[in-house]
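Have a look at the structure below, then the notes.
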Amino acid sequence: MKPTRLPVTQRNFASDVLAITQRRSRHGETAIKGFLLACATVSVVTTVGIILSLLGPAVQFFREVSLWEYLTGKDWAPLLDPGTYGIRPLLVGTLVITAIAILVSVPLGLGAAIYLSEYASLRSRRILKPMLELLAGIPTVVYGFFALTFVTPNLLQRFWPFGTEPDIYNALSAGLVMGIMILPTMASLSEDALAAVPVALRAGSLALGANRFQTTMKVILPAALSGLVAASVLAISRAIGETMIVTIAAGGQPNLTLDARQGMQTMTSFIANTGMGDLAQGSNEYRTIFAVGMTLFVLTLLLNLFSSHMVRRFREVYE
Amino acid sequence: MSSITVPVAVPSSDLLRDVSSSSVFELRGVNVHYGTHLAVSDVSVDIAEHQITAFIGPSGCGKSTLLRCFNRTNDLIVGATVSGLVRYHGINLYGPDVDAIELRRRIGMVFQKPNPFPKSIFDNVAFGPRVTGMAKRDLNDWVEVCLRRAALWDEVKDKLKQSGLSLSGGQQQRLCIARAIAVRPDVILMDEPCSALDPIATARIEELMIELREEFTIVIVTHNMQQAARISNRTAFFGVDVSEVGVRRGVLIEEGATYDLFTKPRQTRTEEYITGRFG
Amino acid sequence: MTDINAANSAPIIDLRTSKQHPARLADRLLPTITRACVAIGLLVLATLVVQVFVEGWPRLSLDVITKFPARKAEMAGARSAFFGTIWVIGFTAALCIPIGVGAAVYMEELADNNRWWNRLIEVNVQNLAAVPSIVYGILGLSFLVRGLGLGQTVIAGALTLTLMVLPTVIIASREAIKAVPSSLRQASIGLGATQLQTIGRVVLPAATPGIATGVILALSRAIGEAAPLILIGGLTYIKFSPTGPSSAFTVLPIQIFNWISRPQEEFRTLAAAAIVVLLGILLVLNSLAIWIRNHARRNA
């Protein structure tokens, strides 16, 4: 017969007291906590690993090749004998494509962010935002394919208005497609920056008789400026670090030019192209991967630090 | 003292019996600091066994803070320090040998807003016993016993697998009570358990508390004087002292058998509070 | 008398704005312009998907995943790459989930943020999230393939990808853990559970939908990545599916890249068909994430 009430237990407080004052040691718990700390430390180990893996060969590289030649030389031909190791063609290639990507993604991303935060209804926002996010989820090889097989032949080459049309491998196509790839990131971060502006500022501006355009341009954008700059810097960083689109669509020839109709090689596509083959481990050609990789890592690290600094600055202003 | 005005709440006469039983808790000179702010100042009070003791008083007087000293959940608040003596069955709760986790098995807590886990009703009640190592085959019976004791069994017996969050507010709070008693504590601390509930649910829980008194010792913090008058054996009235420089601290003003405190309060401030002249 | 005259000659306030005011015009155009920004993005998305389908249509059949790569396009398929992806991503998931969730639990529940060690960990996770994927490839090449001697194998690829997606998993898991209300933790502690019991039996079960969504997002990114694995040696001509962690391997994105690099038109078509398969996998994975998110919301 199941009892309906808890039996009124005779508590033996002596034994209870003893249980309280004997601290139960929980060894298992310490081990688990140690494991968790180890998991967290993996991140530190990774950073150290990246730096070490780049530093060693890079230092050896710079013993053979002077830093001066590396930074100022105009020719990049490591496989020649003797090789030339001026990184400028790769830097300029990266720069040109990144610039095009930014010219596409920043205005479009900002515009999309303004639309989603100021004008879109809640329902359309709930549909449009995830759809834009899809753009970020498409693998970069697919973008590269699209740039090479659709954008270049059907758009750029067919409708080119003046002068010589772009080559089959060109920087413009890669830059445009990369811009679209970065667009959702830019839109999302810009939206966060815009949303961080206090409602009171917007209300105050409208109350003074400004319309929405004036409010957005003269009050909200300036107030969100550091957040927007942070977003743009992050977009630049992503564009610099992107590999497959440029490898597929911009070709594999270093080319020191600002003409986006030509193909060029970026730092990332150089690393990818070189890494595809098998290189003797001690050779200088092998070490070029690390030298260029180090340049890339330092560049993106600086950009990211700058970006987080800007984010922290705009968060402080409003908290 | 000045003439006594008619109190707002008249406690029922069966609560007259203040059975002077042994003390479960003895507090002597307890202070609680949050950083530099003194939330509770120099409190000395005894909590008697198998009784309901109510802590009443205006907001900000440290009642909940003091309650948390009993099961050492103040330990979890960064910057909180407790000084003075807190004895539980004669043991110093804050002594070096005391295992706070064992302690919390013996001193249960029910919170202001019902907080069942997002698990099934069964798993909510079984959580404590599982964590403290109860055998699996006893679990089914034990969960039923606890749910009956919390006056919830009949309402949930056919839906034990459903989420605890699917219950109404009052049912959720009774579930939390069942969950608390499932670890077989001897004390149940309740921090304004009915303030988030409607009057009917409140009445059911007050009934339940009076039943549970036979088995457990109950300390309840409440901002509802009438509730204290209805169900408690002893009442402690807290207030806020403001110094000349504006520093506020919580103090114990008066403590005694509920009937006495409400009909013949010894302090003016007590009288003023219970007659509703302030707070 | 003068009063009435004065009232009659009071100025009339005209609240109509001048329709030619430039700001007014801009105000009417702004929603359209910004809506166009969104439209452009979506238009490109649609064009891309359609183009890929159209290009790949002639070769869209089960052959794509049942046939091995070959010199002649009609006989080629991406079978080795398809299973290679499954093997590599399988190992990646098995590694990044415990390490990532473990790190997140440590950072959210156990770490005291006043100590420099914990702040260093936090800064590291933030920075690693933004490192280009190819740098992870260099790390893998240097330490795993050559340094530890793992060679150009599935496990080297999986470890590399794990390191790459770990920051994403950590950040998403932290958010999910942070979102668990503290009242649940208090209830658990009040019942006499230890901190680890609370984490294991209350916090993590409640945070699971958020963590699962984050993991799926991270794995989606890993599935589509070619750059780091190229350096790990995934580009070799592989005519067999992996049989274990020390097998050589290739993955779908790399196979696609390989076919794109060939001049023949038929390989382009094959590449497009493989892209459709890749997008299909991602679609399934992300639908799973959405289902998990909705299912959790119903249960809350």
Projected-area average for the stretch C:140-214 over all orientations - Cα convex hull basis, square nanometres: 6.3 nm²
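Rg/Rh for the stretch C:247-300: what does it come to with C-alpha atoms and Rh from Kirkwood?
We get a ratio of 1.27 for the stretch C:247-300.
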Dipole moment magnitude, nearest 20 debye, the stretch B:73-212 about Cα centre, only Lys, Arg, Asp, Glu C-beta charged: 400 debye
Sparse-neighbourhood loop sites, trypsin sites (Lys or Arg not before Pro) in the stretch A:60-125 - DSSP loop, at most 15 other Cβ within 10 angstrom: A:Lys74
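Regarding the protein assembly as shown, what's the average projected area of the Cα-atom convex hull, expressed in nm²?
Over all viewing directions, the protein assembly as shown projects a mean Cα-hull area of 55.3 nm².
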Share antiparallel - DSSP beta bridges, the protein assembly as shown, percent rounded to 5: 60 percent
Entries of A:Lys33/B:Lys161; A:Lys33/B:Lys136; B:Lys136/B:Lys159; A:Lys218/C:Lys178; A:Lys129/B:Lys161; B:Lys113/B:Lys264 with Cα pairs more than 29 Å apart: A:Lys33/B:Lys161; A:Lys218/C:Lys178; A:Lys129/B:Lys161; B:Lys113/B:Lys264
In the A-C interface, the accessible area buried, summed over both sides, Å² (probe 1.4 Å): 6200 Å²
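Counting other C-beta atoms within 10 Å, and keeping those with at most 13, which DSSP coil chymotrypsin sites (Phe, Trp or Tyr not before Pro) do you find in the stretch A:154-260?
Details: sites: A:Phe159, A:Phe162, A:Tyr169, A:Phe213; in loops: A:Phe159, A:Phe162, A:Tyr169.
Here the chymotrypsin sites (Phe, Trp or Tyr not before Pro) that fit, given the DSSP loop and packing criteria, are A:Phe159, A:Phe162.
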Mean shadow area of the stretch C:26-124, taken as a quarter of the surface of its Cα convex hull (nm²): 13.5 nm²
Nearest-ten-degree value, helix A:267-276 long axis tilted from longest Cα axis of chain A: 90 degrees
C-alpha long axis of helix C:252-261 to longest principal axis of chain C, angle in °: 90 degrees
GNM flexibility winner over chain B from B:Ala126, B:Ala203, B:Ala182 (Cα, springs under 10 Å): B:Ala203
Chain B: most fluctuating residue of B:Ser232, B:Ser168, B:Ser41 per GNM, C-alpha cutoff 10 Å: B:Ser168
Accessible surface of B:Arg148 - all protein chains present, 1.4 Å probe, nearest 10 Å²: 80 Å²
Sum of side-chain charges, C:Ile211 neighbourhood, beta-carbon under 10 Å (Lys, Arg +1; Asp, Glu -1): 0
Whole-Å semi-axes of the stretch B:138-279's equivalent ellipsoid (Cα gyration tensor): 35, 15, 14
Whole-Å semi-axes of the ellipsoid equivalent to chain A (Cα gyration tensor, √5λ, descending): 48, 35, 20
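When only the heavy atoms of the protein chains count and the probe is 1.4 Å, how do A:Trp76, A:Trp160, C:Trp57 rank by accessible area, highest first?
Accessible-area ranking of A:Trp76, A:Trp160, C:Trp57, largest first: C:Trp57, A:Trp160, A:Trp76.
Run through every distinct alpha carbon pair of chain C and return the Kirkwood hydrodynamic radius in angstroms, one decimal place.
23.2 Å
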In Å, descending, principal axis extents of the Cα set of the stretch B:64-147: 43, 28, 19
Within the stretch C:29-171: Cβ-based charge dipole about Cα centre, in debye rounded to nearest 20 (Lys, Arg +1; Asp, Glu -1): 500 debye
Given charges at Cβ of Lys, Arg, Asp, Glu: the protein assembly as shown dipole, positive-most of C:Phe68, C:Thr243, B:Val183: C:Phe68
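Given +1 on the Cβ of Lys and Arg, -1 on the Cβ of Asp and Glu, and no further charges, what dipole in debye does chain A carry about its Cα centre, rounded to the nearest 20?
It comes to approximately 1840 debye.
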Cα radius of gyration and Dmax for the stretch A:123-183 (Å): 14.2, 46
Debye intensity ratio I(q)/I(0), log10, chain B, q values 0.07 Å⁻¹ (C-alpha model): -0.26
Accessible carbon and sulfur surface of chain A relative to its total accessible area, %, 1.4 Å: 65 percent
Value at 222 nm in deg cm²/dmol, rounded to 500, when DSSP H runs of n ≥ 4 in the protein assembly as shown each add -39,500 (n - 2.57): -18000 deg cm²/dmol
Angle in degrees between helix A:88-114 and the longest Cα principal axis of chain A, rounded to the nearest 10: 50 degrees
Rounded to the nearest 10 Å², the accessible area of B:Arg174 at probe 1.4 Å: 10 Å²
Between the stretch A:238-273 and the stretch A:70-124, the alpha-carbon center distance in angstrom: 10 Å
For chain C, the longest site-free run once chymotrypsin sites (Phe, Trp or Tyr not before Pro) in DSSP loop states with at most 15 other Cβ atoms within 10 Å are removed: C:1-236
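Using the heavy atoms of the protein chains alone and a 1.4 angstrom probe, what is the accessible area of the protein assembly as shown per residue in square angstrom?
45 Å²
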In Å², nearest 10: area of C:Met75 left accessible to a 1.4 Å probe: 110 Å²
Net charge over other residues, Cβ less than 12 angstrom from the Cβ of C:Val276 (K, R count +1; D, E count -1): 0
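The values are calculated or read from the model by the stated rules, or taken from the named source; none is laboratory data. Only a predicted model underlies this, so the values are computations on that prediction, with no experimental measurement involved. Cβ: placed from backbone, ideal geometry, glycine included. Neighbour counts: every protein chain shown. The accessibility values were calculated without ligands, DNA or RNA, using every heavy atom of the protein model including side chains. Shrake-Rupley method; radii C 1.70, N 1.55, O 1.52, S 1.80 Å.
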